[in-house]
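The structure appears right after this line, and notes come after that.
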Amino acid sequence: MGGARRFLGRAGFVILGMCALAGCAAPSPGAGGEGTGAEVQRTWERAAVFIARGREDFITGRMDEAAVRSALAGLPPGTRLPAVLFLHGCSGMGAANWAYMQLLARSGYAVLAPDSFARRDRPSTCDPRRHSGIPGAPFRRVAEMRQEEIRHAARRLAELPWVDRENLFLMGHSQGGSAAAAYEGADFKARVITGSICQLGLRAPPAAPVISLYSERDPWLRGRSPRGCEERARGRGIPIEFHLFPGSDHNLAHDAEAQRLILDFLARHTKRRP
């Protein structure tokens, strides 16, 4: 807790086989309900939390932990924080995800990351050691799950009294980036996509700006165009800021230029209150 815990239905489906980032079907993100079943609720209850209370004092942990609930209940009355819903990659909440969350929290954003693997029926779809999908994995079903999780989390996020509902953002890395890009809802002001070529499609509303960061030799690329997000955005007339980095880093959380670009983008789209 605090400083003690650190860094840890529309057009159907297109199954893309072994994607550059595992989780390879293109679901119809706007179809279906909010995903309020017991399993999708578990992803919110076990959501990772990263919120700054002071310069070096953070609320970190999981939503269902007593210490986290107590700390959130103790936020000063009238607190309204801009918030980022963060989606982890295909292997879950690893250190790289926490690095992105810490970056955002240090800049004043409340960051909450649903844990897709809190589902008891959640299969794996990727082998991070080989930078590849698992042959025969249920990519289509997992892609559906991630969309259910976003819908459910967006509703729950907007219910939190300390969240500024006018400043909700969506960010995803790797498989989470693909899910964030494919989400069709208008719940978020803008989206940040890292480590993904948007192979599930880019369905953000035209009014929701997008920034995408990718490395030209990302090991998950496997011969595909590294400019996938940019190409899909332009094909649909969606405003996008695309940045292609030299090198082969799949995760750019510790890259100073990537950090600057992400924080500058969010700052430009955050409505400042008096």
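The values are calculated or read from the model by the stated rules, or taken from the named source; none is laboratory data. These numbers come from a predicted model, not from an experiment. Glycine gets a Cβ as well: all are built from the backbone with ideal geometry, and neighbour counts include every protein chain shown.
Here are a few things to note about the model shown:
- Scan of segment 154-181 for residues that are in a helix (DSSP H, G or I), hydrophobic (A, V, I, L, M, F, W, C) and over 11 Å from the mean Cα position of the chain (by Cα), ordered by number: Ala154, Leu157, Ala158
- Glu216 surrounded by fewer than 18 Cβ atoms within 10 Å (Cβ to Cβ) and touching a strand residue (DSSP E or B) at 6+ places or on another chain (Cβ under 7 Å): yes
- Remark: Leu72 matches the filter, which requires a residue to be modelled with pLDDT of 95 or more, aliphatic (A, V, I, L, M) and surrounded by fewer than 20 Cβ atoms within 10 Å (Cβ to Cβ).
- Some residue of segment 127-137 being touching a helix residue (DSSP H, G or I) at 6+ places or on another chain (Cβ under 8 Å) and not in a strand (DSSP E or B): no
- Tabulated pairs, segment 59-77, first in a loop (DSSP other than H, G, I, E, B), second not aliphatic (A, V, I, L, M), C-beta under 7 angstrom, 6+ apart or interchain: Met63/Trp44; Met63/Glu45; Met63/Arg46; Asp64/Glu45; Asp64/Arg46; Leu75/Trp162
- Search result, residues across segment 192-208 that are within 20 Å of Arg272 (Cβ to Cβ) and in a strand (DSSP E or B): Val192
- The residue list Leu266, Leu261, Leu221 contains one member that is out of contact with any helix residue (DSSP H, G or I) (no Cβ under 7 Å at 6 or more places or on another chain), in a loop (DSSP other than H, G, I, E, B), aliphatic (A, V, I, L, M) and closer than 24 Å to Ala96 by Cα, which is Leu221.
- Residue ID - surrounded by the most Cβ atoms within 10 Å (Cβ to Cβ), chosen from residues in segment 164-213 that are hydroxyl-bearing (Ser, Thr, Tyr) and over 20 Å from His152 (Cα atoms): Ser196
- Among the conditions (1) of a type in the set (S, T, N, Q); (2) buried (at least 19 other Cβ atoms within 10 Å of the Cβ); (3) in contact with a Pro (Cβ under 6 Å, 6 or more places away or on another chain); (4) at pLDDT below 95, Asn97 misses just one, which is (3).
- Test for Asp115: is it of a type outside the set (S, T, N, Q), surrounded by fewer than 19 Cβ atoms within 10 Å (Cβ to Cβ) and in contact with a helix residue (DSSP H, G or I) (Cβ under 7 Å, 6 or more places away or on another chain): no
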